[in-house]
Each structure stands twice: as C-alpha cells, then as structure tokens.
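As structure tokens, the structure follows; a few thoughts come after it.
The values are calculated or read from the model by the stated rules, or taken from the named source; none is laboratory data. From a predicted model like this one, the values you see are computed outputs, not experimental measurements. As a convention, Cβ positions derive from the backbone with ideal geometry for all residues, glycine included, and neighbour counts pool all protein chains shown.
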Amino acid sequence: MSSQLKNTMDALGKYVASDENYESAFLAALGNMEEMATREITKTINEQTPPNSLLEIISHAQDEHRHAYQLRALKPVKKYQDVKFYHLEQDLSELGVNFVLGFFGQQLLLRARAASRFAGYVHGALTIEQVPLQMYTAYYKLTRNESIKKGLAVVLKDEAAHLALGQKFYENLPAEERFSIDEINAIEAEMCELLGRKMLSTYHSYEAGSPNTDTLEHNLTADRMRLASWISALAENEKAKGASEQAATLAESVLFITGNTNAQTVFTEDTKLIQSWDKPQLLSHYQKLAQVTSLIGVAYSLEKAIRLHNESSSTEATL
C-alpha cells in the first residue's frame, strides 16, 4: 500500500470512528458497495463459464450478498435522530456504488471481459478485493466498537479467501486472456485513494454546513447527459491541442456517465467556452469538477488528465 493511500485510509478510519452516526452511515455505504459487487459478479456468469468454476463463483457472489447485510446490521445507530445523517448515508453510498461501477468500467477490465466474461471476473475479483483489505482494515484498527470489530473480522477473512480464489483462477487462464494484474492494482489503488478522499470530504462538508453549489461544476454534475456532453467537449479540446493521451482519458470517462462512449452530444457553446480558457484555467476546472462529481470513474479520469499535463510540462521544462 502506498503511503498516500495508507494516510488517506487512516484519516478516513479515524474520522469515521469518532462518532457512532458517522460509523453507521459508513457501514451502510460499505454494505451497498458489497451489494453492487454482487451484481457485477453475477453479470459475468454465462454459458461459457467453466463448469468446474461455476459453484465457486456463485459462492463468491453469495458471500458478497451476505456481507451487504452483515455490514448494515453492524450499524450502531439504527434510526438517526437528525435527518442529515440519512442524507450523509445516501451520499457515501452513492460514492461507494460509483466506485464499484467505475472500477469495473475501466479499460483494462473491459479488455479482459472482451476476451471472455470469465477472464473479466477473474481480473476483477483478483483486484477489487484489495479495497476491503485496505479500507476495512484501516477502519477495523480504529473503531472502538467491539461488535463492529468482530463483524469486520469475519468479512475480512472472506475477502482474503476471495483473493486466493482469484489467484487460482488467474494461474489457470490461457496466456492470451491474462492481463497485467499489477497495472489493474495500480488503478485500483488510485481509485480507492480517491474514494477515501471523497468520503472524507463528504464528512467534512456535513460538519461544516452546506457549501456553495451554484457553480458551473455543480450545475454540470446535476445532469448526467449534460455532464457527458461537457466531458466530450473537454476531450475534443484536448485532441485539437494535440494532447491525445489526455483526450483519450477523458473520452473513456464518458462510459462511466452513460454506459456508452458514443452516447454524447457536444454543444457548440461548450466548445467555445472551453477553448477560451488558458491551461491554468482548464486544469483548475478539472480539479473542481473532480472534487464535486460523485462518479469516481470520472473524477479518476480528470485527475489523470491533470497528472498527464503536469508530467508534460515537467518534460518540456527539462528540454
């Protein structure tokens, strides 16, 4: 685990463990993440699933489904006294579910799934299970609630077994269906750190009060199709300026919004406004949009585009 990821997970775990309402909202979000993982696993099962692996995959999906209920049952507060904690739970859950969807929608896993649904399952199972081992473990070490500790220990034991299962399947995949686990793990670590940061920011915003939401970035995130069109315009702008890698990164993120990379309409007024910005304005917008969107895959792509621009600037400065 990178130091940045560890620091983020530790900070999140410490904050969550400081209040039983925060813990309850967090546990509900984890439960909803597990439920979404169940759906993603079951979607990989089809007539081409190896018969000798089918029961183990079904058992894996059943474990995740059970975890969803186990984690929600661990909530120390069943009924919140303040309605804001229901909203907090909803916002954290939205982030968690979007993390799962964003992770399974990233290009390396899509390539594995294109090889075969079973290969997609194997690569996903072998990498996304790192999230509970990182996020859950950090929280486990910091919570003072013994019931939560006992419950998390059971879940973590299962998740470790799922990693071993994924490794066994991976070793038996044909060479042409194997993709880099290290690359997928690196993406998973970045997205997990981003999820932790966003969850922590959500807690802070609830404590500080309602932020200003009358901004371009907030207005864009209120309408998914509008956001898809806007991201497409950003990608076209990057492409026109010769930043092909940044353009590809942003174009791929449309998939996280619509489920279809071709489902976008670029509005002329969007293009004109974006083209009027200089590079600092553009990167500032990327950062603000990454901060406010709950779509982890989109935020990941925006932050990656910023990183690519910064790396390009550093290279140019040394020439």
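Odds and ends about this structure:
- Residue, surrounded by the most Cβ atoms within 10 Å (Cβ to Cβ), within segment 220-243, restricted to residues that are modelled with pLDDT of 90 or more and not in a helix (DSSP H, G or I): ALA243
Quick grid of which residues meet (1) part of a helix (DSSP H, G or I); (2) over 29 Å from GLU23 (Cβ atoms):
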{"residue": "LYS150", "(1), (2)": "yes, no"}
{"residue": "ALA153", "(1), (2)": "yes, no"}
{"residue": "LYS157", "(1), (2)": "yes, no"}
{"residue": "LEU163", "(1), (2)": "yes, no"}
{"residue": "GLN167", "(1), (2)": "yes, yes"}
{"residue": "PHE179", "(1), (2)": "no, yes"}
{"residue": "MET191", "(1), (2)": "yes, no"}
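- The residue that is farthest from LEU142 (Cα to Cα), among those in segment 1-39 that are of a type in the set (Ser, Thr, Tyr) and without any contact (Cβ under 8 Å) to a residue 12 or more places away in the chain, is SER3.
- Selection count where residues are hydroxyl-bearing (Ser, Thr, Tyr), more than 19 Å from PHE99 (Cα to Cα) and in contact with a helix residue (DSSP H, G or I) (Cβ under 6 Å, 6 or more places away or on another chain), scope segment 3-39: 2
Condition check ((1) within 21 Å of ALA25 (Cβ to Cβ); (2) among the hydroxyl-bearing types (Ser, Thr, Tyr)) across all residues:
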residue	(1), (2)
PHE99	yes, no
ALA112	no, no
PHE118	no, no
THR143	yes, yes
GLN167	no, no
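- Flag if ILE57 is aliphatic (A, V, I, L, M), outside any helix (DSSP H, G or I) and either in the same structural domain as ALA115 (by TED's automatic domain parsing) or at negative phi (or both): no
Yes or no, residue by residue, for (1) modelled with pLDDT of 95 or more; (2) assigned by TED's automatic domain parsing to the domain that holds MET191; (3) touching a Pro at 6+ places or on another chain (Cβ under 8 Å); (4) farther than 20 Å from ILE148 by Cβ:
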| site | (1), (2), (3), (4) |
| --- | --- |
| GLN62 | yes, yes, no, yes |
| ARG66 | yes, yes, no, no |
| VAL83 | no, yes, no, yes |
| GLU89 | yes, yes, no, no |
| SER93 | yes, yes, no, no |
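- The set of residues in segment 7-40 that are buried (at least 23 other Cβ atoms within 10 Å of the Cβ) and either within 18 Å of PHE118 (Cα to Cα) or among the basic types (Lys, Arg) (or both) contains only ALA37.
- Against the list (1) assigned to a loop (DSSP other than H, G, I, E, B); (2) closer than 20 Å to GLN134 by Cα, the condition ASN46 fails is (2).
- As a summary of the residue check, THR42 satisfies the conditions (1) without any contact (Cβ under 8 Å) to a residue 60 or more places away in the chain; (2) touching a helix residue (DSSP H, G or I) at 6+ places or on another chain (Cβ under 8 Å); (3) among the hydroxyl-bearing types (Ser, Thr, Tyr); (4) under 27 Å from THR143 (Cβ atoms) except for the one numbered (4).
- Helices (runs of 4 or more DSSP H) wholly inside segment 244-319 that include at least 1 residues being farther than 25 Å from GLU193 by Cβ and at pLDDT below 90: 244-258, 268-275, 296-318
- Test: residue in segment 144-152 that is surrounded by 19 or more Cβ atoms within 10 Å (Cβ to Cβ) and hydroxyl-bearing (Ser, Thr, Tyr): no
- Residue satisfying all of: in segment 1-22; touching a Phe, Trp or Tyr at 6+ places or on another chain (Cβ under 9 Å) and among the aliphatic types (A, V, I, L, M); farthest from TYR203 (Cα to Cα) among these: MET9
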